[in-house]
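Derivation of every value follows stated rules applied to the coordinates shown; laboratory data play no part. Keep in mind that what you see is a predicted model, and the values were worked out from it rather than measured. Using ideal geometry, Cβ is built from the backbone for each residue, glycine included, and neighbour counts are taken over all protein chains shown.
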Amino acid sequence: MEKKAYITEEEQKKCRRVADAFAELEDVDVVVVDVGRYGFVKLQYYTPPTGFENDFTFTDSREMFEDLWEEWLHTQLIMMAKEMKIDDVDYDDIFKRLPEEKQNELGGRKQHFAELAGIENG
């Protein structure tokens, strides 16, 4: 039986860079795992003994970058909402309540992650 690859070697290298750029997400229960010829899998919300609640497979580095960027941004917004004592977490609403300086700072982080990952931010 022939083994089929679902990700090219080039995309696998690009995805590895993206995963490395967002390694800090492991602190909030998000793990990205290289699963060889199948691509990369994002595992989320670990609870023993059942394991991870969510999993998403990626074979495209740009899609993976955008997903992990959203994950990182939402994590930041949740932490800010707690600091601002906002119970109803609506990401857009929280972002709009932030001072313009903070909004720009968060936007700049996307460029930072893109540079780390070798992805054009566009």
Pairwise label distance in nanometres, K3 with Q111, each label 7 Å out on the Cα-Cβ vector: 4.2
Over the chain, relative contact order from alpha-carbon pairs under 8 Å, at least 6 apart, %: 26
Measure nothing fancy, just the Cα-based angle from helix 100-117's long axis to the longest principal axis of the chain, in degrees from 0 to 90, nearest 10. 10
Regarding the range 60-117, what are the three Cα extents along the principal axes, ordered largest first, in Å? 36, 21, 15
Could you tell me the relative contact order of the range 40-105? Use alpha-carbon pairs under 8 Å, at least six residues apart, and round to a whole percent. 18
Dmax and Rg, reported as Rg then Dmax, of the chain (C-alpha, Å): 16.2, 58
Two-site FRET efficiency, H74 against K13, from Cβ-Cβ distance with R₀ of 25 Å, rounded to 0.05: 0.40
I want to make sure I understand the PRE zone here: with the label point 7 angstrom from the Cα of D34 toward its beta carbon, which residues in the range 42-61 have backbone N atoms less than 20 Å away? 42-44, 56-61
